[in-house]
Amino acid sequence: MDDSSQLVAQFEKNAKEEVRVSIDDFRGRKIINIRVYYRSDAGQWLPGKQGLALAVDRYRDLADAVLRLGEGLQAQGLLPASKGHGEDTGGPDRTPKGGNRTSGAGA
C-alpha cells in the first residue's frame, strides 16, 4: 500500500495470505479495495491479483450483500452463534495487526 491508502481492516486468509480492506485513491477517485496479500520469499507482504475494487458510492450495496451473506450462512447452520447475543453477525475479526480496532459496516 502507498501513502494514499488507508488500511481499514485485515485478517488472515491462510498461513501464507491475508485479506486487507482499505480506502485507496485510484485515478483521482476514492475506492474500496479488498485485496489478498501474499508473503514474498523475502518475507514482505505484496498485493496479489485476487481482490475487489469498488467505487465508494457502492459501499451500501457491498455492506448489504455481506449482511445477506451472513444471514444465509447462519440460516444454513454454517456460522456458530456468537457469545451473549444468540446469533453471529457473520463479520470477521476486524482487528488489524497492531491492535487498532476498526469499525463495522454501519460506521
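Here are the numbers:
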quantity: Matching residues, segment 50-88, being among the aliphatic types (A, V, I, L, M), surrounded by 11 or more Cβ atoms within 10 Å (Cβ to Cβ) and modelled with pLDDT under 95; calculated: Leu79
quantity: Test for Ser22: is it among the hydroxyl-bearing types (Ser, Thr, Tyr) and modelled with pLDDT under 95; calculated: no
quantity: Top-ranked residue in segment 29-45 [being among the charged types (D, E, K, R) and either touching a residue at least 12 places away in the same chain (Cβ under 8 Å) or in contact with a Gly (Cβ under 9 Å, 6 or more places away or on another chain) (or both); ranked as surrounded by the fewest Cβ atoms within 10 Å (Cβ to Cβ)]; calculated: Arg29
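Rundown of residues vs (1) more than 16 Å from Ala9 (Cβ to Cβ); (2) not aliphatic (A, V, I, L, M), yes/no style:
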site	(1), (2)
Arg35	no, yes
Ala42	yes, no
Leu46	yes, no
Lys49	yes, yes
Leu54	no, no
Tyr59	no, yes
Leu62	no, no
Arg68	yes, yes
Gly72	yes, yes
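The values are calculated or read from the model by the stated rules, or taken from the named source; none is laboratory data. No experiment lies behind these values; they were computed from the predicted model shown. Positions of Cβ are generated from backbone atoms using ideal geometry, with glycine treated the same way; all protein chains shown enter the neighbour counts.
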